[in-house]
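For reference, the structure is listed below as structure tokens.
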Amino acid sequence: MNERPQADRRRGRQAGFTLVEVLVALAIVSIALLAALRAAAQSTGNVGELRARLFAGWVAENRLAEHRARGDWLPLGIQRGKEREGGLEFAWREEVIATPNAAFRRIDVFVSAAPGDSNTSSTSSTSSTSSTLAHFTGFVVNPPRAIR
């Protein structure tokens, strides 16, 4: 009979957590939550850079599509300009290069954040504003002249 009350006392001690165990568990949970919060903050910061890169790619594609649609025969050399896309200002540079086939010209379009544009330069604090956000290459054709 004496064994029964002693067994109940042992079970009573094991029924809950000590204060130290609870504090250790809270410390582990708080460290995990802080790590998750930091990861979320980093991904939010990357969204701005990805947005700028997406729009820069569109600017480069638009430049190439515009030349093809117009049937432009561009002079060899470098051309520069600025363009807005999605509310952001971008600077583009086109390098027109001759190809072995005289009827074709290669166009390399480089797009970067416009100098002084706070929207695109703030998206990447580690890179300079002159870094290339997008680079596309295309070709234009000089159509043969119709024989009269």
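Ranked by the mean number of other Cβ atoms within 10 Å per residue, highest first, peptides 101-113, 44-56, 75-87, 133-145 order as 101-113, 44-56, 133-145, 75-87. In order along region 96-106, phi translates into HN-Hα couplings of 9, 10, 6, 10, x, 8, 5, 7, 10, 9, 8 Hz, rounded to whole numbers, per the Karplus curve 6.51 cos²θ - 1.76 cosθ + 1.60 with θ = phi - 60° and x for Gly and Pro. Estimated at 0.36 nm per residue, the fully extended path between V20 and R106 surpasses their Cα-Cα distance by 23.9 nm. Each of A32 and A69 was given a label point 7 Å from its Cα along the Cα-to-Cβ line. The distance between the two points is 5.3 nm.
Karplus-derived 3J(HN,Hα) values for region 26-39, using 6.51 cos²θ - 1.76 cosθ + 1.60 with θ = phi - 60°, are 5, 5, 5, 5, 5, 5, 5, 5, 5, 5, 5, 5, 5, 5 Hz; glycine and proline are entered as x.
Quick note: the coordinates plus some simple rules give every number you see, no bench work behind them. Values in this document were obtained by computation on a predicted structure and should not be read as measured data. So basically every Cβ, Gly included, is an ideal-geometry build from the backbone, and we count neighbours across all protein chains shown.
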